[in-house]
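Input: a single structure, listed below in structure tokens.
The values are calculated or read from the model by the stated rules, or taken from the named source; none is laboratory data. It should be emphasised that the depicted structure is a prediction, and the values quoted were computed from it without experimental measurement. Neighbour counts are summed over all protein chains in view; Cβ atoms, including those assigned to glycine, are modelled from backbone coordinates with ideal geometry. Ligands, DNA and RNA are excluded from the accessible area calculation, which covers all protein heavy atoms including side chains. Shrake-Rupley method; radii C 1.70, N 1.55, O 1.52, S 1.80 Å.
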Amino acid sequence: RFSANDLAALSAVWDRRTSIENPSVPLSSATIDDLLGDGGTLTPAGRRVSPESAMTQTATFSCVRVLAETIASLPWQVFKSVDGRKEIARDHPLYSVLHDAPNRWLTSFQWRSTYITQSLLYGDAYALIVGRNLLLIPPTIGSTRWTARGLVYVVRSVVGETEFGADEILHLPGISLD
């Protein structure tokens, strides 16, 4: 059984939730903050939103999960061009890594859904290619830059920055306007 105080607390939460979903209630910085929480990038409304705080919201979590798990459930294959047509390149070194098992710690589905989630939430996803392994790089420590030798991927750690060539990183860029 719920006490009167429990019901009042639940009612307050429910009333707040339904009010933000009601089109007649204007969105203000206070209602947006109630919806998104705090932390991360400063928004025009003066509130901070991070991928972590956004994922505490059911709508964000659900959308990211559906997208990531749907894309992860599709077959990932490597193709090659043969006489002007595409063929699956089963002999390519990354074929079995992408298709079957990226490393010994994660299943292909777990790795792919995490990789897609990073791209959706952080705008980029990076994986270091080490032999027949793909190691996820936390998106907050990876970046790209152009140098005299071309595009390089920079991974920051406690010991400094390490540059990797484009052939050493699998990069999934997110949506961008530039």
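Within the range 87-103, at least one residue is among the aromatic types (F, W, Y) and surrounded by 14 or more Cβ atoms within 10 Å (Cβ to Cβ). The condition (being within 27 Å of P51 (Cα to Cα) and either free of Cβ contacts under 8 Å to residues at least 40 places away in the same chain or touching a Leu at 6+ places or on another chain (Cβ under 6 Å) (or both)) is satisfied by just one residue among L172, L135, L121: L135.
Within the range 72-86, being touching a residue at least 24 places away in the same chain (Cβ under 8 Å) and open to solvent by 40 Å² or more (accessible area, probe 1.4 Å) holds for S73, P75, W76. Taken over the range 159-178, residues that are outside any strand (DSSP E or B) and either under 17 Å from the mean Cα position of the chain (by Cα) or closer than 16 Å to R145 by Cα (or both) amount to 7.
Matching residues to (1) farther than 25 Å from G174 by Cβ; (2) part of a helix (DSSP H, G or I); (3) at pLDDT below 90:
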site	(1), (2), (3)
A68	no, yes, no
A72	no, yes, no
S81	yes, no, no
R90	yes, no, no
L98	no, yes, yes
R104	yes, no, yes
W111	no, yes, no
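I want to confirm something. Restricting to the range 42-66 and keeping residues that are among the polar types (S, T, N, Q) and surrounded by fewer than 15 Cβ atoms within 10 Å (Cβ to Cβ), which single residue is modelled with the lowest pLDDT? Among those residues, the one meeting the criterion is T43. The conditions of being among the polar types (S, T, N, Q) and over 28 Å from R145 (Cα atoms) are not met by S50. Among the residues of the range 133-144, how many are at pLDDT below 85 and either charged (D, E, K, R) or under 26 Å from R104 (Cα atoms) (or both)? Residues flagged as at pLDDT below 85 and either charged (D, E, K, R) or under 26 Å from R104 (Cα atoms) (or both) within the range 133-144 amount to 6.
Here T60 clears all of (1) more than 25 Å from S176 (Cα to Cα); (2) free of Cβ contacts under 8 Å to residues at least 24 places away in the same chain except the condition numbered (1). Selection over the range 143-158 of residues that are free of Cβ contacts under 8 Å to residues at least 24 places away in the same chain, open to solvent by less than 70 Å² (accessible area, probe 1.4 Å) and either within 23 Å of L94 (Cβ to Cβ) or outside any strand (DSSP E or B) (or both) gives a count of 5.
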